[in-house]
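Encoded as structure tokens, the structure appears first; notes follow it.
The values are calculated or read from the model by the stated rules, or taken from the named source; none is laboratory data. Just so we're clear, the structure is a prediction, and the values are computed from it rather than from any experiment. Every residue, glycine as well, gets a Cβ built from its backbone with ideal geometry; the counts of neighbours run over all protein chains shown. Accessible surface areas use protein heavy atoms only, side chains included; no ligands, DNA or RNA. Shrake-Rupley method; radii C 1.70, N 1.55, O 1.52, S 1.80 Å.
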Amino acid sequence: MNSIKKNYVDLVIFFYFFVFFVIGLITAKDYGIHIEEKFHRSNGFYWLNYLLSFTNLDQLKDVSLDKYNKIYDYTLSQVSHYNKYGIIFDVPAALLELLLKIDEPKKYYQLRHLLSFIFFFIGSVFFFKILMNRFKKKDISLIGTSFYILSPRIYGDSFLYKDIIFLSISTISIYFFFKVIDKFSYKNIIFFALSASAATSARIIGIYFPIILVVLFLIEILNKKGNKEYLIKNLLFLLFFFFFLIIQWPYLWQSPFNNFLLLFNSLKTDLISVKILFDEKFISNEFMPLNYLHTWIFISTPPLHTILFCLGYFYLFKRFLFKFLNIENKSKFDDFWHSKNEKKDFTILITFTSIFIFIIIQNIKLYNGWRLVYFLNIFLVYIITYFLYLFFFKIKSFKKKTFFYLVLIIIFSMIIQKMIVYHPFQSLYFNSLITKKAKNSYEGDYHGLGGSKFLFEISKDNSEIINIAVASHTPLQRSKEFIDIELGKFINIVGQEYYKADYIYKNNISEVNSYLNKKYDIPNDFIKIEEFIIDGISIYEIYKKTIK
Amino acid sequence: MKIFIYKTLFVFILIYILFQLTIGLTIKKIKEEIYNFKSKENIELIKKKLRSELEASIKKDKILDKDDVELFNKFLKKLNNELQSK
């Protein structure tokens, strides 16, 4: 009987991931081009050329170099000016584009969207494994994974790589971190070092993983639990970590130590300084408001996520605060954990809390909502699952359990319904707790996804040249690549030279304070003819010239 | 010893956070004020304000008060005398 039930549950889990994968595959083509994709394609070919220069694959080298040289845009930064990005996604994508001989712009961007989703899918599977590893309950793990996937902004961005690649690799790293906690074997150390170094090459904040491991080690030393073998294994981990980091990050090859240190400087100097629309005001991201991060998380995450997270965080924090207050000089157990599961919870709590405080106190430059820290979703959902685990543990009655499962299913269905409404703009989701006016007082379509949709619509029934100006910081010319080449021939983007334009494309993305700087003001001879709105959020507005 | 280390670390972290949230935050606000004052947008705003003030004063019958006219007259005469004497 138990074996039948087990098979049935496994089948449900398989079906769940299968449906999720198929939906992603089918819908990947719907997502427009985001403004940084061109740079990442360029980054991919830049490093692919570099890697190929060590081989005899001359034909591949020529095609790759040719592709790299053809990537041009008058607003595009050159990779040679900033070559610090990791290659974990960009180079495999460039290589696949070469091997599959894809030359049509729309196709090679769709390939990247698909690859990005596959990364996210793998990350989701690993997240399920993290929850299984910790909570040992398939139902709770599946519910937790649903919270992970059904965060509309995260799901929408899962096709647009950038931040989701780091989120996915971090998920894999945490899984191997947990395996290291379970068994400090050489195999687990190598896998953890490999995944943590991949995370670090994707985003420098991945360095947090080895730091947390060292912190745990120091706590164990304080309890006289760490022995010589433990120390050697920790050192071995650090050795493997830096070895893999250098291997997979060509930027470090020439001068590993100096270039690695330069990355930390670049955090202060190379992150762009712009004005961002936050709570109706244009603020400089040089001076982030203290409430920036949690406001964004609160308004752009389904309310259930936030409520359960707050409850989970309260219980988790309380548990470790009591442990901290009751530390004894001599104890049979470790100070903060009595079991491996407690050690995992402590790891999650300490990592999340310290990163959160670090970002706020160090005034880390953020922009475009909280997308730069989407990896925090791992911790948010882990803590949500922790609360649900405690909650369902306390409920003994089968009927009550079934009732709460049903409530969760209904709420998930409502989130899915919202995600369908937003499709393919889920990355611009705001929850329904804030008003329509408030939704438009924060940055909107920073990815520029609406650009492809607008250009496609305006060009499809057209046979003469249309001049389009852009009253926003969005480089609309990049969206042109996502429409058919033939249609694109009739579109001429004129930037902010409004006098040349037949139409003006406007959204609320501005690098300057638009209340004071009038560069994005619409001239008087233009009238608004269209506004694309989803769930009260104005994605873009179109203005047409009235006098020729 | 262990408790001493924990307490030291805890106090150190707490002081650091408190420092950042009090003095650090004040420094950040001052820096932000200076940054905003020096910003291109603010300079443009001042220019605009100056222009509008000048335009408004042109429209007035008299720009200066009677006392100011006398004062400016005396000042200009003195300046003129000094310049001519050299």
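Go ahead and run the numbers for FRET between B:Phe10 and B:Leu45, Cβ-Cβ distance against an R0 of 41 Å, rounding to 0.05. Efficiency computed from Cβ-Cβ geometry: 0.30. The relative contact order of the stretch A:444-545 comes to 30 percent, based on Cα pairs under 8 Å that sit 6 or more residues apart. Shown here for the stretch A:81-167: chymotrypsin sites (Phe, Trp or Tyr not before Pro) in loop regions (DSSP other than H, G, I, E, B) with at most 16 other Cβ atoms within 10 Å, namely A:Tyr82.
Under the combined filter of DSSP loop state and at most 16 neighbouring Cβ atoms within 10 Å, the stretch A:93-125 retains these trypsin sites (Lys or Arg not before Pro): A:Lys101.
Return the carbon/sulfur percentage of the accessible area of chain A, one whole number, probe 1.4 Å, all protein chains in place. Of the solvent-accessible surface of chain A, carbon and sulfur hold 66 percent.
When only the Cβ of Lys, Arg, Asp and Glu is charged (+1, +1, -1, -1), the dipole of the protein assembly as shown relative to its Cα centre reaches about 2300 debye. When a/c reaches 1.5 or more, the comparison of a/b and b/c decides; with that in mind, is the stretch A:123-196 rounded, prolate or oblate per its Cα gyration tensor? Oblate. Each helix, a run of at least 4 DSSP H residues, gives -39500 (n - 2.57); summed and divided by the residues of chain B, these come to -28500 deg cm²/dmol at 222 nm.
Taking GluC sites (Glu not before Pro) as exposed when their DSSP state is a loop state and no more than 14 other Cβ atoms lie within 10 Å, the longest site-free interval of chain A runs over A:1-279. Residue separation of A:Ile102 and A:Leu76 scaled by 0.36 nm, minus their Cα-Cα distance, works out to 7.2 nm of gained length.
Qualifying trypsin sites (Lys or Arg not before Pro) in the stretch A:123-221, where qualification requires a DSSP coil assignment and no more than 11 other C-beta atoms within 10 Å, comprise A:Lys136, A:Lys183.
For chain A, the membrane-span-like helices by this rule, meaning whole DSSP H stretches whose C-alpha atoms cover at least 15 Å of axis and whose Kyte-Doolittle mean is 0.5 or above, are A:2-27, A:105-135, A:138-149, A:163-182, A:186-202, A:208-222, A:228-247, A:303-325, A:340-361, A:376-394, A:398-422, A:449-459; this says nothing about an actual membrane. Full extension from A:Tyr515 to A:Leu408: what is 0.36 nm times the residue separation minus their Cα-Cα distance, to one decimal in nm? Extra length from A:Tyr515 to A:Leu408 when fully extended: 34.2 nm. Between B:Ser57 and A:Ile529, the distance separating the two model label sites (each 7 Å from Cα on the Cα→Cβ line) works out to 4.7 nm.
Surface calculation, 1.4 Å probe, protein heavy atoms: B:Ser85 sits at approximately 90 Å² accessible. With both labels modelled 7 Å from their Cα along Cα-to-Cβ, the A:Lys544 to B:Leu71 distance reads 6.0 nm. Among beta bridges from DSSP that stay inside the protein assembly as shown, the antiparallel ones total about 75%. Within the same chain, aspartates and glutamates fewer than 8 places from A:Lys70 are excluded, and of the rest, those with a Cα less than 14 Å from its Cα are A:Asp62, A:Asp103, A:Glu104, A:Glu481. Heavy-atom accessible area, probed at 1.4 angstrom with all protein chains present, ranks A:Trp253, A:Trp47 as A:Trp253, A:Trp47, highest first.
Excluding same-chain neighbours fewer than eight residues apart, the aspartates and glutamates reachable from A:Lys6 by a Cα-Cα span under 15 Å are A:Asp139.
Based on DSSP H segments of at least four residues, each scored -39500 (n - 2.57), chain A has a per-residue ellipticity at 222 nm of -19000 deg cm²/dmol. Would you list the membrane-span-like helices of chain B, meaning whole DSSP H runs whose alpha-carbon atoms span at least 24 Å along their axis and whose mean Kyte-Doolittle value is at least 0.0? Qualifying helices, which must be both long enough and hydrophobic enough, are B:2-19. Of the residues A:His473, A:His34, the one with the largest accessible area comes first in the ranking A:His473, A:His34, computed with a 1.4 Å probe on protein heavy atoms. Across all Cα pairs in the stretch A:470-548, the calculated P(r) in 10 Å bins from zero up to the longest distance comes to 17, 47, 32, 4 percent per bin. The A:Ile4 and A:Ser354 beta-carbon pair, evaluated with R₀ = 35 Å, returns a calculated FRET efficiency of approximately 0.15. Using the Cβ-Cβ distance between A:Lys330 and A:Leu271 with R0 set to 56 Å, the FRET efficiency from 1/(1 + (r/R0)^6) comes to roughly 0.75.
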